[in-house]
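Student: What follows is a structure written as structure tokens; I'll ask about it next.
The values are calculated or read from the model by the stated rules, or taken from the named source; none is laboratory data. Source: prediction; values computed, not measured. Ideal geometry is used to build each Cβ from the backbone, glycine not excepted, and the neighbour counts take in all protein chains shown. Note: accessible area is taken over every heavy atom of the protein model, side chains too, but ligands, DNA and RNA are not part of it. Shrake-Rupley method; radii C 1.70, N 1.55, O 1.52, S 1.80 Å.
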Amino acid sequence: MTRQHSLPRLLAISVVMTGVSLASAANAQERPVGRTDTPMAAVAAANRVGTAEPNLSAFINASAVMPFVEGTIYQVHTAPGRVTDIVLQPGEVLGAVASGDTARWVIGDTVSGSGADKRAHVLVKPFAAGLSTNLVITTDRRTYHLALSSSTGAAMSALSWTYPQDALIAFKRAQEASTAAAPVAAGLDVDQLHFNYVLSGDRPAWRPLRAFDDGRQTFIEFAASLAVGEAPPLFLVGAKGEAQLVNYRLRGRYYVVDRIFDVAELRLGTKHQEIVHITRIDEASIRGRAKGKSS
């Protein structure tokens, strides 16, 4: 009996669908050129494209590990009688957990580990198969969007993420730290260094220790405390006393200036400005003074 009624029903559905298709085609012809799909169609398409499904390569043993991308919806497959563990990043602090269906899903949270290894876990379990809802998890670092579905099939035991953006930021910071820690004398010829610079003026906490050049660049050395204090800007002073801000690089505790200057000033403050003068003097006069003292 079922087979006898299925054919007319299919024919009826086919006729109706053909009518809908023809009507849709007619409506499409009446639409103005450039008109986009309906908002609901756009939302559905965006959700399909933006949903990440776990594949076999994403699993480490029985746990899925997927790269975190902001705005992605992560599909989580569950089953009745099974708990799926959603594991957050170590040190990440759980904020809120919200679900579209709290009546037919059991959702809880817990933690594991301690100190820097402490991790938050969100645990989900459906009451029955054939359910679907969404889950939003907010933390002190990011927001996770998940799509939950339940079936009588296999359930994911756990889902966690890798964080490529965090790894990139950490790599850049490590590079910057390595550059800052590199000795400023790397690549310099000691025999070509000139220390004929005199410091004068105020004596603030940030006063440089010395200045020298290699005939091409000028280096101003500060105490290590410069890294935790306020750094003074550097001005070049012209023959008529006019001051001009100059470009320089901070490398560790050194200012590196890509030129040789005669007079410069380090200035800091507004009402009570502190000024340290850096003056390059003739090396011959230094030798003359040293010779006079020795005699």
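Student: I'm trying to understand the selection: among the residues of region 87-98, which are open to solvent by less than 30 Å² (accessible area, probe 1.4 Å) and closer than 13 Å to residue 123 by Cα?
Tutor: Hits for region 87-98 are 87, 88.
Student: Further question on the same structure: Pairs needed: first member in region 229-254, within 16 Å of residue 217 (Cα to Cα); second member anywhere, charged (D, E, K, R) and at pLDDT 85 or above; C-beta distance under 6 Å; at least 6 residues apart or different chains.
Tutor: If the second residue must be charged (D, E, K, R) and at pLDDT 85 or above, the pairs left are 235/265; 254/221.
Student: Among the residues of region 239-277, write down those that are exposed (fewer than 10 other Cβ atoms within 10 Å of the Cβ) and charged (D, E, K, R).
Tutor: 240, 242, 271
Student: Go through region 224-244 and give me each residue that's in a loop (DSSP other than H, G, I, E, B) and either farther than 17 Å from residue 280 by Cα or not basic (Lys, Arg) (or both). Reasoning before the result, please.
Tutor: Residues of region 224-244 in a loop (DSSP other than H, G, I, E, B): 229-233, 238-242.
Passing the criteria: 229, 230, 231, 232, 233, 238, 239, 241, 242.
Student: Still on this model: Inspect region 212-223 for any residue being within 16 Å of residue 260 (Cβ to Cβ), in a loop (DSSP other than H, G, I, E, B) and open to solvent by 40 Å² or more (accessible area, probe 1.4 Å) and give the result as yes or no.
Tutor: Yes; the residues of region 212-223 include at least one that is within 16 Å of residue 260 (Cβ to Cβ), in a loop (DSSP other than H, G, I, E, B) and open to solvent by 40 Å² or more (accessible area, probe 1.4 Å).
Student: Tell me yes or no: at least one residue of region 71-88 is closer than 17 Å to residue 50 by Cα and in contact with a helix residue (DSSP H, G or I) (Cβ under 7 Å, 6 or more places away or on another chain).
Tutor: Pass one, region 71-88, residues closer than 17 Å to residue 50 by Cα: 71-77.
Restricting the remaining residues to those that are in contact with a helix residue (DSSP H, G or I) (Cβ under 7 Å, 6 or more places away or on another chain) gives 73.
Among the residues of region 71-88, at least one is closer than 17 Å to residue 50 by Cα and in contact with a helix residue (DSSP H, G or I) (Cβ under 7 Å, 6 or more places away or on another chain), which makes the answer yes.
Student: Quick check: is even one residue across region 42-51 closer than 26 Å to residue 164 by Cα, open to solvent by less than 40 Å² (accessible area, probe 1.4 Å) and touching a residue at least 12 places away in the same chain (Cβ under 8 Å)?
Tutor: For region 42-51, residues closer than 26 Å to residue 164 by Cα, open to solvent by less than 40 Å² (accessible area, probe 1.4 Å) and touching a residue at least 12 places away in the same chain (Cβ under 8 Å): present.
Student: In region 52-76, what count of residues is obtained for those that are more than 19 Å from residue 164 (Cα to Cα) and either assigned to a loop (DSSP other than H, G, I, E, B) or out of contact with any Asp or Glu (no Cβ under 9 Å at 6 or more places or on another chain) (or both)?
Tutor: Counting residues in region 52-76 that are more than 19 Å from residue 164 (Cα to Cα) and either assigned to a loop (DSSP other than H, G, I, E, B) or out of contact with any Asp or Glu (no Cβ under 9 Å at 6 or more places or on another chain) (or both) gives 4.
Student: Restricting to region 31-41, name every residue that is within 24 Å of residue 147 (Cα to Cα), open to solvent by 70 Å² or more (accessible area, probe 1.4 Å) and either under 34 Å from the mean Cα position of the chain (by Cα) or at pLDDT below 70 (or both).
Tutor: 39, 40
Student: Further question: Of all residues in region 55-86, count the ones that are modelled with pLDDT under 90 and surrounded by 16 or more Cβ atoms within 10 Å (Cβ to Cβ).
Tutor: 0
Student: Here's something else I'd like to know. For the subset of region 111-145 comprising residues that are in contact with an Asp or Glu (Cβ under 7 Å, 6 or more places away or on another chain) and open to solvent by 40 Å² or more (accessible area, probe 1.4 Å), which member is modelled with the highest pLDDT?
Tutor: 123
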